[in-house]
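Structure, as structure tokens:
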Amino acid sequence: MISAAIVKELREKTNAGMMDCKKVLTETNGDLEAAIKLLRERGIAKAGAKADRAANEGIITARVNAGATAGILLELNCETDFVSKNENFQAFVAEIADTLAGESAADHTAALAVKKGDLSIEDTVKAKVVEVGENLQFRKYVRFDAAAGGVIAAYIHPPGKVGVLIEVGTTKSESAGTDAFKELIKDLTLHIAACAPKGLSREDIPAAIVDAEREIFRARLADSGKPENIIENILKGQVNKFFAESCFLEQPFVKDDKQTVTQLLEAKGKELGDTLTVTRFVRFGLGE
């Protein structure tokens, strides 16, 4: 039985996390010095000392399988742009992405626990801190597994500061192989990267955000002297404008602002004789 007191002592001596301390103490049968040595070998002790330093640089990367039925998007951060441009760090991020692409981790917590060699992804990142000399954080991760008829695609805006993962649904399997569909899905990811929609549709925008925007609009109109019913009508129009700017499906398409994204999907669907739907998307912005 590993006591709370010895875990506390190990944490104070190494600045490592509680779970890391418990793990190595179990492995060393409560031998404090052996546990300290093991933490140092794994880089966790030194990593802990840097854990409170801001890590807002780094790389966003993605992997999509050959059949476009599954994909991942992840962000791994460092402290400086100098390290993010280093080939060694870039190769390390690629190794993490390749490892996770071959697994089925559904969320960030599961991804941290995936094994890379003898260590988990979490411990692998901590060990890398010793080599790099900066705080590193595996900050974000998402995985999409397509539904029937769904196609997964990704886009990384060079040099890895913005990344997008999307699922587009079809009703005809042959659509995915056409040049028109491939062009569409690329354009959709470019649009998301450039326009940063807050949600897919109005239902995806949290009510608290909408209410906050409405109060901002109301405050601007407070001294206008207009009757309350007129103010309410103006507010409805401004909230609708907010939705049009924030919801992916309502946004003017970045390459042709005379049509919305929904109209683009309808037009491409008609061209392909299919019904195309964007099922979901996620956009990562570095450090956000």
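Between residue 212 and residue 29, what length comes free when the chain is fully extended (0.36 nm per residue of separation minus the Cα-Cα distance, one decimal in nm)?
60.4 nm
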Handout entry: Cα→Cβ-extended label distance, 7 Å offset, between residue 13 and residue 118, nm
Key = 2.1 nm
Handout entry: Column: log10 I(q)/I(0), Debye, Cα scatterers of the stretch 48-145, q = 0.13, 0.18, 0.23 Å⁻¹
Key = -0.42, -0.79, -1.22
Fill in the blank from the handout: Put in order of increasing Cβ neighbours within 10 Å, starting from the fewest, 10, 264, 119, 136 give 119, 264, 10, 136
Problem - Hz values of 3J(HN,Hα) by residue in the stretch 75-83 - Karplus curve (6.51, -1.76, 1.60), Gly and Pro given as x - result: 10, 10, 9, 10, 8, 10, 5, 4, 5
Problem - Across 226/258; 8/126; 8/140; 13/140, pairs whose alpha-carbon gap is larger than 31 Å - result: 226/258
Handout entry: Angle in degrees between helix 179-195 and the longest Cα principal axis of the chain, rounded to the nearest 10
Key = 80 degrees
Handout entry: Check: the chain dipole with +1 on Lys, Arg Cβ and -1 on Asp, Glu Cβ, in debye
Key = 260 debye
Practice task
Enter the angle in degrees (range 0 to 90, nearest 10) between the Cα long axis of helix 228-246 and the first principal axis of the Cα atoms of the chain, meaning the one along which they spread out most.
Solution key: 60 degrees
Practice task
Rank these for me by crowding, 161, 13, 126, going from fewest to most other beta carbons within 10 Å.
Solution key: 13, 161, 126
Handout entry: Near-label residues of the stretch 247-288 by backbone N, under 13 Å of a point 7 Å along Cα→Cβ of residue 172
Key = 268-276
Exercise for the section: Taking the dipole about the Cα centre of the chain, with the C-beta of Lys and Arg at +1 and of Asp and Glu at -1, give me whichever of 249, 124, 1 is farthest to the positive side. Expected result: 1
Fill in the blank from the handout: Summed over the other residues with a beta carbon less than 12 angstrom from that of residue 226, with K and R at +1 and D and E at -1, the charge totals -1
Handout entry: Efficiency of FRET from Cβ geometry, residue 90 and residue 220, R₀ 45 Å, rounded to 0.05
Key = 0.45
Practice task
Could I have the simple spin-label model distance between residue 202 and residue 288, label points 7 Å from Cα toward Cβ, reported in nm to one decimal?
Solution key: 2.4 nm
Problem - Net charge dipole size for the stretch 50-208 [Lys, Arg +1 and Asp, Glu -1 on Cβ; Debye, nearest 20] - result: 180 debye
Problem - Backbone HN-Hα couplings from phi across the stretch 112-122 [Karplus 6.51/-1.76/1.60, Hz, Gly and Pro as x] - result: 4, 8, 4, 7, 10, x, 8, 10, 6, 4, 4
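Kirkwood hydrodynamic radius of the chain from all distinct Cα pairs, in Å?
Values: mean 1/r = 0.0456 Å⁻¹.
After inverting the mean inverse Cα-Cα distance, the result is 22.0 Å.
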Handout entry: Convex hull of Cα atoms in the stretch 121-171, direction-averaged projection (nm²)
Key = 4.9 nm²
Exercise for the section: On a C-alpha basis, how far is the centre of the stretch 75-120 from the centre of the stretch 207-273 in Å? Whole number, if you could? Expected result: 38 Å
Problem - Alpha-carbon Rg/Rh ratio, for the stretch 167-288, with Rh computed the Kirkwood way - result: 1.09
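Read-outs throughout are calculated quantities, based only on the coordinates presented, and are distinct from any laboratory measurement. Note that the structure is a prediction, hence the values are computed from the model and not measured. Note that each Cβ is placed from the backbone with ideal geometry, even for glycine, and that neighbours are counted across all protein chains shown.
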